[in-house]
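Data block below; observations after.
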Amino acid sequence: MLSRKQLGISIIQRCLRDDGYLTQRCVDCSDRKDGKDGKFVKFVAKYTPSVEILLQLIEQNSGKGLILPEKVVSSSGSVLVMVFDNFVIKLFQNRKTFNKVGNVLNCAYESGCDFIVKMKDWVSIQNEKIRIHAIVTEKLTPIVTYTGDRKLNLKNNEIFKLFHDIGIALDTIHKLGYTQGDCTLDNIGRIGKKFVLFDFNCAGRIEVRNDDIAFLVKSAKFNLKKMDEKEKDFLEYVSSFKNSITFLSNIKEYCKEYDIEF
Ligand SMILES: Nc1ncnc2c1ncn2[C@@H]1O[C@H](COP(=O)(O)OP(=O)(O)O)[C@@H](O)[C@H]1O
Ligand SMILES: [Mg+2]
């Protein structure tokens, strides 16, 4: 059994090699080049108050005490995603991005929309000793997987179900005055039979930019291998809609007309 401190250090060593996700100095644990003479120096992991807060967050949300993440993803550089067995912690470097994402997820939660990832918990502290901005959400299964190359295994009728579910998610977000800002299949996952929208890092005000539907359709079209002319034409037509309600009603009508069931 690892002690609390050993577990904290292990998390730092495994996940937080990049400075700044918690505090500037809590992550000095990896071999890296020293600025002055370019030699590799062994740094020692530090157990800081920010690490302690991260451990508390894990403890509160796991229901099983302290556990290590299954995997850690750091794709965009400004966030670090720690995927646990049934929840996910997203650590933000930037407080402004954290505030925006937290606000969108909080409003979405209150609206009761089932097609937007649900926020379970959050923490945001920044003072001389502590710097941590983190959001805990439910876990989903991303629909796009990367095993060597980018893979997507969705049948055409499932794509229509996706348009339906994500159309409802976008309608909720748009009514709140936001756009998702990066509405591609990379930011859509599954929970049971539902398709769920996540990743609001690029969210913006709807009056400034509104191209979620165009993005969504383009991303799906790009990923659809087999599609006939009729479907292509229809998707071309709906991709021009700005209004998510109009998009949604067109999807429903098309599915009814051509007996697409999901
Ligand atoms: N709730 C979640 N459940 C499971 N995996 C997730 C979840 N959130 C993020 N991920 C994984 O982490 C990756 C990056 O997270 P994301 O929120 O899309 O940030 P960004 O694309 O800005 O780096 C996703 O592509 C996905 O593989
Ligand atoms: Mg993403």
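Before we move on, is Ile58 under 30 Å from Lys232 (Cβ atoms), in a helix (DSSP H, G or I) and more than 14 Å from the chain's Cα centre (by Cα)? In short, no. Leu216 passes every criterion in (1) hydrophobic (A, V, I, L, M, F, W, C); (2) surrounded by fewer than 20 Cβ atoms within 10 Å (Cβ to Cβ); (3) modelled with pLDDT of 95 or more apart from (2).
If you go through the range 113-153 and keep only what is of a type in the set (Lys, Arg) and either within 16 Å of the chain's Cα centre (by Cα) or surrounded by 16 or more Cβ atoms within 10 Å (Cβ to Cβ) (or both), you end up with Lys118, Lys120, Arg131, Lys139. At pLDDT 95 or above, more than 15 Å from ligand 2 (Cβ to nearest atom) and not aliphatic (A, V, I, L, M): is that true of Arg205 in this structure? Criteria met by Arg205.
When residues in the range 128-159 are screened for being in contact with a helix residue (DSSP H, G or I) (Cβ under 7 Å, 6 or more places away or on another chain), within 15 Å of ligand 1 (Cβ to nearest atom) and of a type in the set (A, V, I, L, M, F, W, C), 6 of them pass.
Scanning the range 228-262 for residues that are of a type in the set (Gly, Ala, Ser) and more than 20 Å from Ile168 (Cβ to Cβ) gives no hits.
For the range 185-198, the tally of residues that are within 12 Å of ligand 2 (Cβ to nearest atom) and either more than 18 Å from Lys175 (Cα to Cα) or touching a Lys or Arg at 6+ places or on another chain (Cβ under 6 Å) (or both) stands at 5. Looking across the range 174-200, not a single residue is surrounded by fewer than 17 Cβ atoms within 10 Å (Cβ to Cβ), assigned to a helix (DSSP H, G or I) and either near ligand 1 (Cβ under 10 Å from one of its atoms) or among the polar types (S, T, N, Q) (or both).
Tell me which residues, restricted to the range 154-173, are crowded, with 17+ Cβ neighbours inside 10 Å and basic (Lys, Arg). Passing the criteria: only Lys161. In the range 83-95, the residues that are under 15 Å from Asn127 (Cα atoms) reach residues that are β-branched (Val, Ile, Thr) with C-beta atoms within less than 8 angstrom, at least six apart or across chains, in these pairs: Gln93/Val79. Hey, any hits in the range 143-161 for a residue that's touching a Gly at 6+ places or on another chain (Cβ under 8 Å) and modelled with pLDDT under 95? Yes, the conditions are met somewhere in the range 143-161.
The values are calculated or read from the model by the stated rules, or taken from the named source; none is laboratory data. All of these numbers come straight from a predicted model, not from anything done at the bench. Glycine gets a Cβ as well: all are built from the backbone with ideal geometry, and neighbour counts include every protein chain shown.
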